[in-house]
Structures are given as structure tokens and as C-alpha cells.
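Single-structure report; data block below.
The values are calculated or read from the model by the stated rules, or taken from the named source; none is laboratory data. All of these numbers come straight from a predicted model, not from anything done at the bench. Here the Cβ positions follow ideal geometry from the backbone for every residue, glycine too, while neighbour counts run over all protein chains shown. Just so you know, the surface numbers come from the protein's heavy atoms only, side chains and all, with ligands and any DNA or RNA stripped out. Shrake-Rupley method; radii C 1.70, N 1.55, O 1.52, S 1.80 Å.
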Amino acid sequence: MASSDTGGPRVAVIGGGLVGALNACFLAKRNFQVDVYEAREDIRVAKSTRGRSINLALSYRGRQALKAIGLEDQVVSKGVPMRARMIHSLSGKKSAIPYGNSSQYILSISREKLNKDLLTAVESYPNAKVHFGHKLSKCHPEEGVVTVLGPDQVPRDVTYDLIVGCDGAYSTVRAHLMKKPRFDYSQQYIPHGYMELTIPPKNGEYAMEPNCLHIWPRNAFMMIALPNMDKSFTCTLFMPFEEFENLPTNYDVLNFFQKNFPDAIPLMGEQALLRDFFLLPAQPMISVKCSPFHLKSHCVLMGDAAHAIVPFFGQGMNAGFEDCLVFDELMDKFNNDLSLCLPEFSRFRIPDDHAISDLSMYNYIEMRAHVNSRWFLFQRLLNRFLHAIMPSTFIPLYTMVAFTRIRYHEAVLRWQWQKR
């Protein structure tokens with residue numbers, strides 16, 4: 001069941017999503033014997049049950065992690081550059097706000113396609129194996145023992161030198177760590193849910209400007225749209241659950257969109273809008289913080305398992321990928337000594353992951369409300385001007401987060417100083 005016993009330390013990566021698969025590549029490069037346990041079937045052969053494509057924003061931190069395992073060019077070639085926010089006012093007027101200078105952009109990429117590429121990359125290592133349809137049942141991190149249930153539903157105990165929890169916001173690995181003394185944990189559901197909609201291609205081309213992240217800010221709620229390679233846009237409506245519950249009928253939905261997003265209706269098409277709106281209910285969003293991220297030298301959490309964040313800074317995946325990169329850099333520093341690397345990973349990474357969690361909460365207010373104000377637009381212009389004349393002294397917050405590897409908590413401190 002496990003990968004070959006020859007070679008380096010044996011590692012169990014729990015979760016074969018984006019962060020789990022990337023982390024497995026980093027560990028396999030070190031000649032560790034890596035087993036990835038993924039509860040789902042292989043998404044490369046199984047039919048998707050998600051309903052529609054989910055898009056993510058890939059920024060500099062995530063690209064640097066992919067570059068370290070040789071996948072950056074392959075992934076970038078499958079993404080659409082977004083160089084600005086395109087703000088859609090209620091009147092239909094559109095205003096572009098560049099993210100940075102002409103060479104700076106974020107990439108709109110398909111989560112599913114990226115996950116497939118990463119799984120294929122894992123399997124390219126002879127010392128790594130992905131076990132699909134295998135669910136973690138129990139975890140004994142002090143002993144390095146995991147109990148997994150395969151398709152036959154027979155529990156099997158396997159022993160490892162390291163257990164890496166990359167099993168998402170509702171992590172089973174973290175649930176076992178929560179039983180240990182002095183493990184802090186908090187979670188918060190925000191009152192808003194999200195729903196995904198679609199803008200199809202128009203005459204074989206994009207129906208809107210393709211190299212932008214489109215935003216319809218409406219104070220209490222908002223809609224965004226990210227471009228796809230097939231010339232469509234994946235839209236996401238963020239809104240309080242109470243507002244979703246006030247739209248039970250086709251008439252209510254069309255009336256709501258006519259009032260708040262009138263320019264989006266002809267782009268989506270009335271029938272397609274109604275089909276998408278009632279396809280799935282609005283989904284919740286959770287923010288998770290915990291500390292520490294590790295237990296002794298036997299277990300460590302990464303990605304959403306350690307710090308699930310709301311999606312409004314576009315850094316959830318990027319922060320998870322940077323977890324993997326930071327851990328890899330620490331393994332270099334400590335010569336693969338897990339007893340030194342794991343405590344240092346917690347000490348170094350927790351302030352940053354908590355900082356981006358807080359920033360993501362703040363950015364939701366900015367995206368749905370502040371971008372409407374002239375003061376906000378003036379501040380953006382002033383930020384760009386000051387950065388142009390003092391590039392090393394004054395760096396806009398978004399630039400620090402999306403286009404550098406300045407530590408998240410240091411970016412917050414610099415931002416607060418610059419605001420004063």
C-alpha cells in the first residue's frame with residue numbers, strides 16, 4: 001500500500017488537493033518516500049461533480065512555489081493575465097484600476113486543471129504515490145501512525161516519520177491536534193455566502209475586457225468575474241445569506257439583477273442566469289486560525305488545514321503554496337532535521353498566515369464598498385505616484401501582497417506606517 005521503503009524518511013501527506021499535491025512534489029524532490037492519501041477519486045478520470053469551473057487568482061508567491069518544482073511555465077501558459085480591476089457602476093459605467101505597473105498582473109487559472117497538473121507532477125516521482133479513494137480515519141501524530149480507509153473500507157494502520165495535514169478547512173488531522181494541550185483554535189463563518197454564475201463567450205470572443213478582474217461593488221454585496229481560457233467568465237456573487245433567501249423565485253432573481261446588476265443580464269442571458277442561480281445553494285465561507293502548526297517532529301499542518309481564509313485578497317491558494325515553499329527553504333536551512341524545522345515553521349509562519357487572514361477580511365469591505373468612493377480612487381493614484389518616486393520606501397499594500405514575497409505581517413506593518 002505504501003511507497004517503497006528504500007531511500008529517505010517516510011511521509012504521509014493527507015489530502016491531494018492543491019497544497020497537498022504541491023507539498024508532495026517538494027518532499028519527493030528531497031528523496032523522501034511520499035504517500036498522498038486523497039479521499040476523492042482521481043479527478044483526472046472521474047467526472048466532476050462541482051457543477052462548473054472554479055477559478056483562482058495566482059500571484060507572485062504562488063508562482064515562486066511552482067517555479068521551485070519546475071511547473072511555473074506550464075501553469076502560466078494555461079492562465080489569463082488580469083492587469084486591473086474593472087469596476088462596474090450601477091449606471092453601467094466601467095472604470096479600470098491597474099493592480100500595479102505595466103509588467104505586474106495576476107493570473108486567472110482553473111483550480112481543477114491546476115490540481116490535475118500537480119497530481120501528474122507528483123506521480124512523475126518514483127518515490128511518491130497517490131492513493132485515491134483513501135480517507136483518513138484516525139491519526140496518532142506522536143507515534144506517526146495514520147489509520148486509512150480504502151475503497152474496501154478496511155482500516156489499515158501505516159507508520160511514518162512525518163504526517164503532513166493538507167486536508168482543508170475541515171481538517172481531520174487538525175481535529176486530532178486539537179485534542180492536545182496548548183493547541184489554540186478559532187473559526188468564524190462570515191454572514192455572507194457565495195454563488196457561482198457564468199458569462200459565456202459572445203460570437204466566439206470574450207463578452208467583456210478579458211485582462212481584468214471585473215467587480216460589481218454594491219456596498220452590502222458584490223459580484224466578481226474572472227476570465228477563462230475558453231473565452232467565458234466565471235462569476236461569483238457574494239451576498240448575505242438573508243439576501244439569497246429573499247430570492248426564491250425566477251421573478252425575484254431577475255428583479256434583483258435588474259436593480260443591482262443590469263449590465264450583467266444581457267451578458268449572462270436570462271435563462272442561463274436562472275439555471276445557474278438555482279443549480280446549487282449559496283455556499284458558506286469560513287476563516288480558521290490555529291497555533292501551533294506542528295506537533296513535535298511528527299506532524300505539521302499547511303494550507304487551509306492551518307489557516308483557511310476568506311477569498312477576498314486572492315491569497316488562499318498563494319498562502320498555501322508559500323507554506324510549502326517556506327517549509328522547503330527551512331528544510332534546506334536545517335538539513336532536513338524535522339525536530340528543528342517543524343517548530344521553526346510554526347514560529348515563522350503563524351504571524352504571516354494570521355496577517356493575511358485579517359487582510360482578507362478587510363479587503364472584502366474594500367472590494368464591495370470602498371472602490372466606489374472617489375477618496376479610494378485618489379488614494380490609489382497617490383499610492384502609485386509615491387511608489388514611482390520612492391519605490392523602495394513606499395510600496396502599496398496590494399503590491400506587497402501580490403507581487404513580492406515581503407512577509408504578510410511585515411506588509412501589514414508597513415501599510416499601517418504608510419497610512420499614517
- Note on the structure: In the neighbourhood of Phe183 defined by beta carbon distances under 14 Å, the net charge of the other residues (Lys, Arg +1; Asp, Glu -1) is +4
- Query: What aspartates and glutamates could a cross-link reach from Lys179, if we take a straight Cα to Cα line under 16 Å and drop same-chain neighbours fewer than 8 places away?
  - Reply: Glu142, Glu143
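When the Cα atoms of segment 164-258 are enclosed in a convex hull and the volume is divided per residue, what value in Å³ results?
180 Å³
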- Query: Considering only protein heavy atoms, what per residue accessible area in square angstrom results for the chain with a 1.4 angstrom probe?
  - Reply: 44 Å²
- Query: Gain in length, Lys179 to Ser91, computed as 0.36 nm per residue apart minus the alpha-carbon separation, to one decimal in nm?
  - Reply: 26.3 nm
- Note on the structure: Pseudo-spin-label distance Leu340 to Asp42, built 7 Å along Cα→Cβ, given in nm, is 4.0 nm
- Looking only at lysines whose Cα falls under 29 Å of Lys29's and that sit 8 or more positions away or on another chain, we get Lys67, Lys78, Lys113, Lys116, Lys129, Lys135, Lys138, Lys296, Lys333
- Per Stokes-Einstein, at 20 °C and 1.002 mPa s, what whole-number D in µm² s⁻¹ belongs to the chain, with the Kirkwood radius over Cα pairs as the hydrodynamic radius? 95 µm²/s
- Report the residue, chosen from Phe261, Phe278, Phe345, that carries the largest GNM mean-square fluctuation when the chain is represented by alpha-carbon nodes joined by springs under 10 Å. Phe278
- Query: At a 1.4 Å probe, what is the % contribution of carbon and sulfur to the accessible area of the chain?
  - Reply: 54 percent
- What percent does the relative contact order of segment 119-160 come to when contacts are Cα pairs within less than 8 Å and at least six residues apart? 27 percent
- Rel. contact order, % - alpha carbon contacts under 8 angstrom, at least six apart, the chain: 19 percent
- Task: Choose one answer from His307, His140, His354: the residue with the largest mean-square fluctuation in a GNM of the chain with alpha-carbon springs under 10 Å.
- Result: His140
- Task: Determine the calculated [θ] at 222 nm for the chain from helices alone, applying -39500 (n - 2.57) to every DSSP H run no shorter than 4 residues and normalising by the residue count; nearest 500 deg cm²/dmol.
- Result: -11500 deg cm²/dmol
- Query: For Arg275 and Glu242 in the same chain, what is the full-extension length gain: residue separation times 0.36 nm, less their Cα-Cα distance, in nm?
  - Reply: 9.8 nm
- Item | Residue-wise HN-Hα coupling along segment 85-101, computed from phi with Karplus coefficients 6.51, -1.76, 1.60 (Hz; x: Gly, Pro) | 8, 10, 8, 9, 7, 5, 6, x, 5, 10, 9, 8, 10, x, 6, x, 7
